[in-house]
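Heads up: the structure comes next, in structure tokens.
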Amino acid sequence: MGVEPVDAASVSAVLHLFDTAQGKTVPFETREPGKVSMYVCGPTVYGPPHLGHGRFSLVFDVLRRYLEWSGYEVRYVSNITDIDDKIIDRAQREQRPWQDITTRCETIWYKAMDGIGVKRPTVAPHATEYVEQMVALIAELLASGKAYETSDGVYLDCSTVEGYGLLARQSIDSLQAGARVEGSDEKRNPIDFALWKKAKPGEPTWPAPWGDGRPGWHTECVVMSLDQLGEGFDLHGGGQDLMFPHHENERAQAVAVGKAFARHWAHNGFVEIDGEKMSKSLGNFTNLLDLLERHDGRAYRMLVLRSHYRSPIEVTETTITDAERSLDRLDAFARRVSGLGLDGAPPDEDALGAFRTAMDDDLNTPGALDQLFRAVRAANTALDAEDDATAAGLAAAVRAMCVAVGLTLQEEEVAGPPPEVLLLAEQRAEARAAKDFAAADRIRGRLGELGWLVEDSPQGPLLRRKA
Ligand SMILES: [Zn+2]
């Protein structure tokens, strides 16, 4: 099966997405017709990517691919945070230059992203390339009196920001009451956050009028997203854990300088490992590269697709193996139809329409997968009945749906059938040639017991693993 996108220019359905800021599902209306500008917070490069990184990357990769498949031109920006406390801590602990850590971790990041089939961003800006612009933003905030200097940095006065708490979906008063006091005790409000951190000895620094130092994380993303995508860009996304304070604080800075920020906010749910929420504070990191060593890289995408993006997912040997079984069924189908000369048929519109309806409903990927597997079953039934015309349309629809969600199917059996199975298949072919169909059926039964299905194609018998 090829991976070329279908001509989806005629797609007229409207994608609806849950908007975190509005707390409801709304039509996804773009700033410019036919174009989507999206920003997804990328990694802080100080360690290997974990499963939570894998999930947000896959969720937004699926959204991006679906939009592209639907005919949009997508500008996908995802940053690399290459300056941060955690990077500095690790560099100091290991007595290495911090750039060593960030460069190496970035390479590993993209290796993992390639492993799970995540497309590279259109642009991947590095925070360190934007420090001058960050200094300019902070200067503007200071000049307007919305930011203030302390002995250890520059802070935003959150009480000056209209609508602060929008993404947290809490009032500023309740946020203040619940805030853990971090940073300077000279802060005006407990929730005020550092725009700039003045340098401590031995730390990497950049020049600024109020004292050399480095930008705060929330300042990095607001500057990079606005620079790369412009005011009022279409969508800002990330994991649920970024909603507050990171995204709230990005937005606060944009609001404070009077700039229109993201039109839509989308956040994906947590990854649970054996029932526990995976988060930095629990320290239960599970490395994405470990998963890639043990499993088909496509299995994590399949697992992510099987749950709604806003729900938590559980990653265990069982759920990943189940996802692999689903993939086997799709691969088996791809093998069955490859070489049948069914290519080129227009996709079955009913199947594709049902798939779109699910995807347009807040990216209901479990529903979309139901439609995908329904089409596979219907195509298999049509092939069994030698109804090639119906099968061809359904196969084309399956191919298109897989492209839309970024699933690549394997037409070739990766590990071939064992010799015992091949011998039985040969004996069955001989029995059929001799028109001893009873013997052929007995052998088919024996193959089934061994976990193999045999299918007769114009090219001869095909073996596939039972799904
Ligand atoms: Zn960010």
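Couple of notes before you dig in:
- Using the Cβ-Cβ distance between residue 290 and residue 151 with R0 set to 56 Å, the FRET efficiency works out to roughly 0.80.
- Extending 7 Å from the Cα toward the beta-carbon at both residue 374 and residue 186 defines two label points whose distance is 6.4 nm.
- Length released on extending from residue 99 to residue 212, taking residue separation times 0.36 nm less the Cα-Cα span: 38.8 nm
- Within the chain, all pairs of alpha-carbon atoms sorted by distance into 10 Å bins from zero give the percentages 4, 18, 25, 22, 14, 9, 5, 2, 1, 0.
- Spin-label pair residue 22/residue 170, simplified geometry with 7 Å Cα→Cβ offset, distance in nm: 2.5
- A simple rule links phi to the HN-Hα coupling: the Karplus curve 6.51 cos²θ - 1.76 cosθ + 1.60 with θ = phi - 60°, which for region 307-319 gives 10, 5, 5, 8, 8, x, 10, 10, 9, 9, 3, 5, 5 Hz, with x for Gly and Pro.
- Near the amide H of residue 264, within less than 5 Å, lie the amide hydrogens of 235, 236, all on another chain or at least 5 residues away, with H placed in the peptide plane.
- Taking label positions 7 Å along the Cα-Cβ direction at both residue 306 and residue 143, the computed distance is 5.6 nm, reported to one decimal.
- Of the Cα atoms belonging to region 295-405, the radius of gyration and Dmax stand at 14.3, 42 Å.
- Across region 66-148, the volume of the C-alpha convex hull divided among the residues equals 146 Å³ per residue.
- Karplus 3J(HN,Hα) series, Hz, for region 361-370 with 6.51 cos²θ - 1.76 cosθ + 1.60 (x for Gly, Pro): 8, 6, 6, 7, 5, x, x, 5, 5, 4
- Residues listed by number, region 87-108, amide nitrogen under 12 Å from residue 200 label point at 7 Å toward C-beta: 88-90, 92-93
- Computed with a 1.4 Å probe over protein heavy atoms only, the accessible area of residue 315 comes to about 10 Å².
- Here the chain is assigned +1 on the Cβ of each Lys and Arg and -1 on the Cβ of each Asp and Glu. Its dipole about the Cα centre then comes out at about 360 debye.
- Counting all C-alpha pairs of region 31-277, share separated by more than 34 Å (%): 15
- Of the solvent-accessible surface of the chain, computed with a 1.4 Å probe and all protein chains present, 49% belongs to carbon and sulfur.
- Distances between placed amide hydrogens fall under 5 Å for residue 193 paired with 156, 158, all partners being 5 or more residues away or on another chain.
- Mean ellipticity per residue at 222 nm, deg cm²/dmol - from DSSP H runs of n ≥ 4 across the chain, formula -39500 (n - 2.57): -14000 deg cm²/dmol
- Percent antiparallel among DSSP beta bridges (both partners in the chain, rounded to 5): 55
- Theoretical gain in end-to-end length, residue 29 to residue 436 [0.36 nm per residue, Cα-Cα removed]: 140.2 nm
- Entries of 111/259; 24/187; 35/197; 35/259 with Cα pairs more than 31 Å apart: 111/259; 24/187; 35/197
- Net length gained if the chain between residue 340 and residue 73 were fully extended (0.36 nm per residue, minus Cα distance): 92.8 nm
- Evaluating 6.51 cos²θ - 1.76 cosθ + 1.60 at θ = phi - 60° for every residue in region 42-54, the Karplus couplings come out as x, x, 8, 8, 9, x, x, x, 9, 5, x, 4, x Hz, glycine and proline recorded as x.
- Sites listed here are GluC sites (Glu not before Pro) in region 361-448 whose DSSP assignment is loop and whose Cβ has at most 12 other Cβ atoms within 10 Å: 386, 412.
The values are calculated or read from the model by the stated rules, or taken from the named source; none is laboratory data. What you are looking at is a predicted structure, and each value in this text was computed from that prediction instead of being measured. Heads up, the Cβs are rebuilt from the backbone with ideal geometry, glycines too, and the neighbour counts pull from every protein chain shown. Heavy atoms of the whole protein, side chains included, go into the accessibility calculation; ligands, DNA and RNA do not. Shrake-Rupley method; radii C 1.70, N 1.55, O 1.52, S 1.80 Å.
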